[in-house]
Amino acid sequence: MIFHFAYFRGKTDWKWLDFHTLCLQSCLARAHPDKIVVHYDREGEGEGWEAARLLENIEWRQVAAPDTINGYPVIDQRLWADIYRLRVLHEEGGFYCDLDFVFLKNFEPLRHAEAIIGTQCKQKKKLACGLMGSVAGSAFIKAYLDAYKEWTPKEEKKVWTFANVIPWKLSTEHPVTVLPRVAFYPVAWSNKSFWTGAVPKLKNAYALHLWETLHPELNMEVLAKTGLAEEIRRILNKPPLVAGTVSMTSGILSFE
C-alpha cells in the first residue's frame, strides 16, 4: 500500500498545479495508503506546490532524471517517467500513478494481485499505464520494462504503442490482473459531457483519470464545473490534511 507518483520536469515548464495537490489529497483520504512517495527531479513552485509539501505521510524523493533513453536525447521527461515507474515497481512494488487522478475508494482489495493494470479500451485492445500496481519482481512489469530497450525516437510519434498496446500484448503472456475500464477510467478519453456537469457512474470506480494531456487548461476551477465537483467537495471536507484549511470560495475549489 505504497503509492508512487512522478513529477519529472527536465527542461520543460511543466507546472505543479492545484489539481496535482488534489490528487495526493484524494489518495490520502480515499485510497488508504501506508505511505506516498513523490519522485521528482526539481522543485515546483506556486500555491499548489507549497500546499502539497505540507501534506503529511509523503516522502519527497528527489532523483536525477537522465538526458537520454537508449542513447537518444529525451525531449519530454514525462517519457522517462514511463520507464522510471516500471523500475520503481519492479524494485519496490506498490502502486504507481500519474498526478491527474482523483482517488475514490480504498485500494486494499487490489493489493493482493501480483500485478494490476486498468483497461483503456477493450474493443481496441488497449490497457493504460497511468495507474498500475505490482509486487516487487513482477514478471509482467519486468517484461514491460524490457520492451523499452527497443525504444527509439521514431516511437515518440506513436508513444501510445508503449503506453497501451504493448501492455495489452504482455497481459496475455504474464501474470497480471486486468481491471475493466470503469475501475480507473470511468470517464473515457472521448467523454465531453463530464466536463459540463454530467455525473459519471462511480459505483465500481477506484479512481478517476482526468486526462491532463487533453485538457491543458485543467485546474480546480474547471473541476468545479464537472460531474466530479460534489465528490471533490466530500474529499476536501474531510479533516484537514494540510497545515491550513481547504474550502469552496465563490463556487471554485481552492486552497486557503
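FYI, it's all coordinate maths here, none of it is from the lab. Quantities reported herein were computed from a predicted structural model and do not represent experimental measurements. No Cβ is skipped: glycine too gets one built from the backbone with ideal geometry, and neighbour counts run over all protein chains shown.
General observations
- Volume of the convex hull of the range 65-114 (Cα atoms only), normalised per residue: 88 Å³.
- Computed over the range 183-222, the Cα gyration tensor eigenvalues convert (square root of 5λ each) into semi-axes of 17, 11, 10 Å, ordered from largest to smallest.
- Among 226, 161, 172, the largest mean-square fluctuation in a Gaussian network model of the chain (Cα springs under 10 Å) belongs to 172.
- Applied to the range 117-129, the Karplus parametrisation 6.51 cos²θ - 1.76 cosθ + 1.60 on θ = phi - 60° returns per-residue 3J(HN,Hα) values of 8, x, 8, 8, 8, 5, 5, 8, 6, 10, 9, 10, 8 Hz, with x for Gly and Pro.
- For the options 174, 215, 32, a Gaussian network treatment of the chain with springs between C-alpha atoms closer than 10 Å singles out 215 as fluctuating the most.
- Fewest-first sequence of 1, 132, 220 by Cβ atoms within 10 Å of each Cβ: 1, 220, 132
- Cα-based reach from residue 225 at 24 Å (exclusive), listing lysines while leaving out same-chain residues under 8 positions away: 15, 105, 192, 201, 203, 238
- Scanning residues 5 or more positions from residue 224 or on other chains, those with amide H under 5 Å from its amide H are 253, with H placed 1.01 Å from N in the peptide plane.
- For the range 91-231, the spread of Cα positions along each principal axis, largest first, Å: 42, 38, 28
- According to the calculation over all Cα-Cα pairs in the range 1-135, the P(r) per 5 Å bin from zero is 2, 10, 19, 23, 21, 15, 8, 3, 0 %.
- Förster radius 41 Å - calculated FRET efficiency between residue 91 and residue 169 (Cβ-Cβ, nearest 0.05): 0.95
- Residue 61/residue 125 FRET efficiency (R0 22 Å; Cβ-Cβ; nearest 0.05): 0.05
- Cβ crowding within 10 Å averaged over residues, with 186-196, 136-146, 4-14 ranked highest first: 136-146, 4-14, 186-196
- Amide H contacts for residue 16 (H built 1.01 Å from N in the peptide plane; partners 5 or more residues away or on another chain; cut-off under 5 Å): 45.
- Those lysines that a straight Cα-Cα span of less than 30 Å connects to residue 11, excepting residues fewer than 8 apart in one chain: 35, 142, 149, 154, 157, 158
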